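Trainee: Mind looking over this structure? Questions follow.
The values are calculated or read from the model by the stated rules, or taken from the named source; none is laboratory data. Because the structure is predicted, anything quoted here is derived from the model rather than measured. Counting neighbours? That spans all protein chains shown, and the Cβs are built from the backbone with ideal geometry, glycine included.
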Amino acid sequence: MLKTTRYTLLFISWVVVITILSLFSFPSIDLDPSSFTIPYADKITHFIFYLVFGFVGCMSLRERTMGNLGLIKTIRIVLVLAILYGILMEVLQYTLTTDRMAELGDVLANTLGAFAGIGLIRWIFSKKNPLKWKF
């Protein structure tokens, strides 16, 4: 049973992690910023989080439907879901939090990350690779 729901559980867990990290603030670690800075680290983080969202979301939908939904339809559903969820998180940051900022750049990074996750799915299940979408 657990083996047939691993991507679904992973996807739900990932959405919870994104929600918590988007809406709650955590005390920062006191590091010397002059010796350790990564330009656009926030946008890179958003990109990676939504890349995983897109990839694991597709795998979860594939798992739940046994591949019967079809690759293209699954990709469209997950892509729309990722974009809407990313926008929702930014709106909630703007309305519910006092120390978090909603940024259009974050929505763009989320969207590009979701497209990258979808691209990874398309590559893995392409005709060049032996993996098949349908079980």
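Trainee: Taking interchain pairs and intrachain pairs at least six residues apart, which have beta carbon atoms under 8 angstrom, with the first residue in segment 89-115 and under 14 Å from LEU21 (Cα atoms) and in a loop (DSSP other than H, G, I, E, B) and the second modelled with pLDDT of 90 or more and small (Gly, Ala, Ser)?
Mentor: Here the result reads ARG100/SER22, each pair linking segment 89-115 to a residue that is modelled with pLDDT of 90 or more and small (Gly, Ala, Ser).
Trainee: Still on this structure, please answer the following. Being over 15 Å from the mean Cα position of the chain (by Cα), farther than 29 Å from THR5 by Cα and of a type in the set (Val, Ile, Thr): is that true of THR95 here?
Mentor: On the way: over 15 Å from the mean Cα position of the chain (by Cα): yes; farther than 29 Å from THR5 by Cα: yes; of a type in the set (Val, Ile, Thr): yes.
Answer is yes for this residue.
Trainee: Please work out if PHE24 is over 18 Å from THR8 (Cβ atoms), more than 10 Å from the chain's Cα centre (by Cα) and surrounded by fewer than 12 Cβ atoms within 10 Å (Cβ to Cβ).
Mentor: Working: over 18 Å from THR8 (Cβ atoms): yes; more than 10 Å from the chain's Cα centre (by Cα): yes; surrounded by fewer than 12 Cβ atoms within 10 Å (Cβ to Cβ): yes.
Criteria met by PHE24.
Trainee: A further question on this structure: Answer yes or no as to whether LYS73 is charged (D, E, K, R), part of a helix (DSSP H, G or I) and either in contact with a strand residue (DSSP E or B) (Cβ under 7 Å, 6 or more places away or on another chain) or surrounded by 14 or more Cβ atoms within 10 Å (Cβ to Cβ) (or both). Full working, then the answer.
Mentor: Values: charged (D, E, K, R): yes; part of a helix (DSSP H, G or I): yes; either in contact with a strand residue (DSSP E or B) (Cβ under 7 Å, 6 or more places away or on another chain) or surrounded by 14 or more Cβ atoms within 10 Å (Cβ to Cβ) (or both): no.
Taking the combined requirement at face value, the residue does not satisfy it.
Trainee: Now for a separate question. Could you please find all residues in segment 84-104 being charged (D, E, K, R) and surrounded by fewer than 16 Cβ atoms within 10 Å (Cβ to Cβ)?
Mentor: ASP99, GLU103
Trainee: Name the single residue that is surrounded by the most Cβ atoms within 10 Å (Cβ to Cβ) among those in segment 105-134 being modelled with pLDDT under 95 and out of contact with any helix residue (DSSP H, G or I) (no Cβ under 8 Å at 6 or more places or on another chain).
Mentor: ILE124
Trainee: Hey, SER22 hits all of (1) over 18 Å from ILE87 (Cα atoms); (2) modelled with pLDDT under 95 but one; which does it fall short on?
Mentor: Checking SER22 against (1) over 18 Å from ILE87 (Cα atoms); (2) modelled with pLDDT under 95, the one that fails is (1).
Trainee: Okay, moving on. Say whether the condition of being modelled with pLDDT under 95, more than 17 Å from the chain's Cα centre (by Cα) and of a type in the set (D, E, K, R) is met by at least one residue in segment 64-72.
Mentor: Yes, segment 64-72 contains at least one residue that is modelled with pLDDT under 95, more than 17 Å from the chain's Cα centre (by Cα) and of a type in the set (D, E, K, R).
Trainee: Test GLY67 against the criterion of being surrounded by fewer than 21 Cβ atoms within 10 Å (Cβ to Cβ), assigned to a helix (DSSP H, G or I) and of a type outside the set (A, V, I, L, M), and give yes or no.
Mentor: Values: surrounded by fewer than 21 Cβ atoms within 10 Å (Cβ to Cβ): yes; assigned to a helix (DSSP H, G or I): no; of a type outside the set (A, V, I, L, M): yes.
Here the answer is no, as GLY67 does not meet what is asked.
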